[in-house]
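Taking it in order: structure first as structure tokens, then the write-up.
The values are calculated or read from the model by the stated rules, or taken from the named source; none is laboratory data. Everything numeric here is computed off the predicted structure, so don't read it as measured data. For neighbour counting, all protein chains shown are included, and Cβ atoms are generated from backbone atoms with ideal geometry for every residue, glycine included. Side chains included, ligands, DNA and RNA excluded: accessible areas come from the protein's heavy atoms. Shrake-Rupley method; radii C 1.70, N 1.55, O 1.52, S 1.80 Å.
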Amino acid sequence: HPLSPSLPLSPSLLRPLSPSLSLSLSPSLRPHYVRHEPPVTDQQIEILHQSVDMLVIDKPASIPVHPCGRYRHNSLLYILAKEHDLRDLHCVHRLDRLTSGIMIFARTAMRAAELAELIKSKQVAKQYLARVMGRFAEGGTEVNQPILVVNHAQGVCRVDSTGKESRTRFEFVSYDSESDTSLVRCYPLTGRMHQIRVHLQWLGHPIANDPIYGTSTRFILGPQYDALAEQTMTSQQQQQQSQSQSQSQLQPQQPQQQQQQQSQSDSHQDDTYLA
């Protein structure tokens, strides 16, 4: 029988449709989509400060800030809106999905502009703690290597001369011989994508559990890579130069061999004629 739009959806109405079934204009069919998102931590988001125009929270690792890619409901802004009724927040800085730490949100457009100006004018200093592979050099280390985004879709960067200017300062904190890891304090002086992670990898001390720039990946780039690349290029240039010299030595011999063959042929013809 024809279905009425006012009828509630009941299990008895959910049945396979026959190809011969004819529908009147009254029923409506709506597709039902089920979205499956990658899981994130169930750690609670701690609110450190809340006022009329500003919010400060402690972001757990594994949660992206914005809805992006495969993440919608499992994003920081969505969780704050749904579980804490904190909506219309303005992001004034970013943290990677896998990074935990303090985040500041503005609750008004005016406050967002003020905080953004403070960050832009370097009146706000950021520092991070990272556990990296190997024994880090004691004291202070500064990296001034440009960073290029090589894949925007997957979010992969590397040190490259054609990239944007990037500067990060590192300070050694401690070393754990049992895990062969070091605790390093990081001060980003510019704000490039994955800047700390890329610069640590370039130094040969990637973050211990970094799935993109860690030691288990094939994106190992740094001074050792640059030295190997330079050595490979030099070897290739020497090989090409050697091949070029060999060809240049062979080229003048070919006419001489042809001339000798031609001379022998002419001599043979003369001998035949004289006979």
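When a/c reaches 1.5 or more, the comparison of a/b and b/c decides; with that in mind, is region 85-131 rounded, prolate or oblate per its Cα gyration tensor? If you can, show how the numbers build up before the last one.
Details: a/c = 3.20, a/b = 1.28, b/c = 2.49.
Oblate, since a/c reaches 1.5 and b/c is not below a/b.
For the residue pairs Lys82/Lys164; Lys82/Lys122; Lys59/Lys122, alpha carbon separations beyond 28 Å are given by Lys82/Lys164; Lys82/Lys122. Surface composition of region 99-154: carbon plus sulfur atoms hold 54% of the accessible area, using a 1.4 angstrom probe and ignoring ligands, DNA and RNA.
Could you sort Met103, Met110 by accessible area so the largest value comes first, with the probe set to 1.4 Å?
Values: Met103 0, Met110 140 Å².
In descending accessible area the options line up as Met110, Met103.
Each peptide among 147-158, 201-212, 59-70, 115-126 gets the average number of other Cβ atoms lying within 10 Å of its residues, and from highest to lowest they stand as 201-212, 59-70, 147-158, 115-126.
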